[in-house]
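S.K.: One structure follows; several queries about it will come next.
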Amino acid sequence: MTRWGTPVMHRPQQRVLAYDDTLRELVADMVATMYAADGVGLAACQIGTDLAVFVFDCPDDSDAHTIGVVCNPELTLPEGKERQLDEADEGCLSFPGAFVECARPDFATVTGTGLDGSPVTFSGNGLLARCLQHETDHTRGTVFGDRLSTKLRKKLQKAHDKAADEYPEGWPA
């Protein structure tokens, strides 16, 4: 798992241009890594690959799971009176063992392309909305710690440091 601080985690990712066996192999590796780490989403940069693609298997507020792959994601969030914030705990597999509250819109829609290059759209609320936003952020070079106040970043760092022994280099194996 690539950790925060690694340059690939903090720069916009390259657009997916080739929908081929290499992409399918990458996505299969990402899915296996996400499940091995007990995650609900994973972006390519989190395994060190500079490519704007993420995978997810995540429940919404009704506990219905949505599974997908999004290449070159574009995020749409509610605006005006439709925009409601959800202040819930958030964590990141690239900064394991640490969670803090992070306010995000409670509904999100992501459009992009799937493994074969055809258009895909995913929308949802609750954890799914958070996941779609979090993973799209990764493709833009943003980690959720960038969205936190200094106080919350310090709290997150302390929790991460405390859990470090549980997530050694090479985790998940």
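The values are calculated or read from the model by the stated rules, or taken from the named source; none is laboratory data. This is a predicted model, so every value here is computed, not measured. Backbone-built Cβ (ideal geometry, glycine too); neighbour counts: all protein chains shown. Surface accessibility is based on the protein's heavy atoms, side chains included, excluding ligands, DNA and RNA. Shrake-Rupley method; radii C 1.70, N 1.55, O 1.52, S 1.80 Å.
S.K.: Do any residues in segment 72-86 that are closer than 30 Å to Leu17 by Cβ have Cβ atoms under 8 Å from those of residues that are among the charged types (D, E, K, R), where the two are at least six apart or on different chains, and which pairs are they?
M.R.: Asn72/Arg15; Pro73/Glu135; Leu77/Arg83
S.K.: A further question follows. Before we move on, is Asp61 within 28 Å of Ala173 (Cβ to Cβ) and of a type in the set (Asp, Glu)?
M.R.: no
S.K.: Here is a further query. Would you tally the residues in segment 61-84 being in contact with a Gly (Cβ under 7 Å, 6 or more places away or on another chain) and open to solvent by less than 40 Å² (accessible area, probe 1.4 Å)?
M.R.: So the answer is 6.
S.K.: Out of all the residues in segment 104-126, which are open to solvent by less than 50 Å² (accessible area, probe 1.4 Å), more than 24 Å from Ile47 (Cα to Cα) and in a strand (DSSP E or B)?
M.R.: Arg104, Pro105, Ala108, Thr109, Gly124
S.K.: Is it the case that Asp21 is open to solvent by 50 Å² or more (accessible area, probe 1.4 Å) and among the charged types (D, E, K, R)?
M.R.: The answer is yes for Asp21.
S.K.: How do the pairs read when you match residues in segment 5-18 that are without any contact (Cβ under 8 Å) to a residue 12 or more places away in the chain with residues anywhere that are assigned to a helix (DSSP H, G or I) and open to solvent by less than 90 Å² (accessible area, probe 1.4 Å), using Cβ under 9 Å and keeping only pairs 6 or more apart or on different chains?
M.R.: Pairs found: none.
S.K.: Return the total of residues in segment 24-54 being aromatic (Phe, Trp, Tyr) and surrounded by fewer than 17 Cβ atoms within 10 Å (Cβ to Cβ).
M.R.: Counting residues in segment 24-54 that are aromatic (Phe, Trp, Tyr) and surrounded by fewer than 17 Cβ atoms within 10 Å (Cβ to Cβ) gives 1.
S.K.: Restricting the first residue to segment 49-69 and requiring it to be basic (Lys, Arg), which pairs with a second residue that is in a strand (DSSP E or B) and surrounded by fewer than 16 Cβ atoms within 10 Å (Cβ to Cβ) meet a Cβ separation below 6 Å and a spacing of at least six or different chains?
M.R.: none
S.K.: Still on this structure, I have one more. Please go through (1) out of contact with any helix residue (DSSP H, G or I) (no Cβ under 6 Å at 6 or more places or on another chain); (2) open to solvent by 40 Å² or more (accessible area, probe 1.4 Å); (3) within 29 Å of Glu169 (Cα to Cα); (4) assigned to a loop (DSSP other than H, G, I, E, B) for Val16 and return the number of the only condition it doesn't satisfy.
M.R.: (2)
S.K.: Out of the residues in segment 85-95 that are open to solvent by less than 50 Å² (accessible area, probe 1.4 Å) and hydrophobic (A, V, I, L, M, F, W, C), which is nearest to Lys155 (Cα to Cα)?
M.R.: Ranking the qualifying residues of segment 85-95, first place goes to Phe95.
S.K.: Same structure again: Out of Pro7, Pro12, Pro59, report the one residue that is within 11 Å of His138 (Cβ to Cβ) and not charged (D, E, K, R).
M.R.: Pro12
S.K.: What residue, among those in segment 141-158 that are open to solvent by 100 Å² or more (accessible area, probe 1.4 Å) and more than 20 Å from the chain's Cα centre (by Cα), is farthest from Ser94 (Cα to Cα)?
M.R.: Lys151
S.K.: With the structure loaded, tell me whether Ala98 is modelled with pLDDT under 95, among the small types (Gly, Ala, Ser), more than 18 Å from Ile47 (Cα to Cα) and open to solvent by less than 50 Å² (accessible area, probe 1.4 Å) or whether it fails that test. First the steps, then the outcome.
M.R.: Numbers: modelled with pLDDT under 95: no; among the small types (Gly, Ala, Ser): yes; more than 18 Å from Ile47 (Cα to Cα): yes; open to solvent by less than 50 Å² (accessible area, probe 1.4 Å): yes.
In short, no.
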